[in-house]
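The values are calculated or read from the model by the stated rules, or taken from the named source; none is laboratory data. Values in this document were obtained by computation on a predicted structure and should not be read as measured data. Backbone-built Cβ (ideal geometry, glycine too); neighbour counts: all protein chains shown.
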Amino acid sequence: MADRSRLAGSTGMPASGDPAVSPTELRNDRTLDIDILPTLALLERLNDEDATVAGAVRRALPELALVVDAADRALRAGGTVHYFGSGTSGRLAVLDAAELGPTFGLQAGVVVAHLAGGQAAITQAAENAEDDQDNGERQFIFHILHRGADGDGAVGKNVEVDRSGQRGLQLR
C-alpha cells in the first residue's frame, strides 16, 4: 500500500447533515476511512460508490430528456447551446463541449462551455467562483459581444450544470 499519511488530515469539509451545504460538499460517511484502507479495499470502496451513479442518473432521466429536447430544438433552429458550470461539473462541461465536435461533427461554437473562474479554473480550483453570478453573466455577455449571437440575435439554450442537485437543471 502506498503511504498516504502525508495526504491525511482535516479536509475542512462540513460534517454530514447540514441542510445549507450541497451534498457534493459533504463528507461521505461511507468513505471516511479511505486514507487508511489497504489499496484493494480502497479501490473496492470507490467502485461501490461509483455503482450508485447509475441509479441517480436513472432518477434524473425525465428532467434530462427535457434538457436534451430543448437543446435539440435550439440547434435545429440554428441556435447554440451554452453550458454554465463550476468546479468538477463545470470542467466536465468544458470537456463535453470540446468533444462534441470530433465525436458528432459539430462546428466549433455550437456548444459553448462557460466555467466559473474562467479558463484558469480548468487546471486550478477557483474557490467561491460558483457564487459570483455577476461574473458568470459578464462572461456570457462577453461571449455574445465578441463572438456573436445566433444569426437572428437569439442566444439559444443555456444549461446550468450543477452536480449538487440544489439548483436542478436550469434552462433559459
Those residues that are within 12 Å of the chain's Cα centre (by Cα) and over 19 Å from Thr24 (Cβ atoms), I need them from segment 68-112; list them, please. Ala97
Of the listed residues (Val112, Val81, Val94), the one being surrounded by 12 or more Cβ atoms within 10 Å (Cβ to Cβ), modelled with pLDDT of 90 or more, of a type in the set (A, V, I, L, M) and closer than 26 Å to Glu127 by Cα is Val94
Which of the residues that make up segment 1-45 are at pLDDT 90 or above and small (Gly, Ala, Ser)? Ala41
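Results for (1) of a type in the set (Gly, Ala, Ser); (2) under 23 Å from Leu100 (Cα atoms); (3) without any contact (Cβ under 8 Å) to a residue 12 or more places away in the chain, shown as yes or no for each residue.
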site	(1), (2), (3)
Thr24	no, no, no
Asp29	no, no, no
Ile34	no, no, no
Asn47	no, no, yes
Arg58	no, yes, yes
Glu63	no, yes, no
Val67	no, yes, no
Is it the case that Val68 is at pLDDT below 90 and hydrophobic (A, V, I, L, M, F, W, C)? yes
Identify, from the list Gly109, Gly90, the residue that is under 21 Å from Ala70 (Cβ atoms), in the same structural domain as Arg73 (by TED's automatic domain parsing), small (Gly, Ala, Ser) and in a helix (DSSP H, G or I). Gly90
Among the residues in segment 46-64, are any outside the structural domain of Ser89 (by TED's automatic domain parsing) and at pLDDT below 70? no
When you look at Gly118, is it in contact with a Lys or Arg (Cβ under 9 Å, 6 or more places away or on another chain) and modelled with pLDDT under 85, yes or no? no
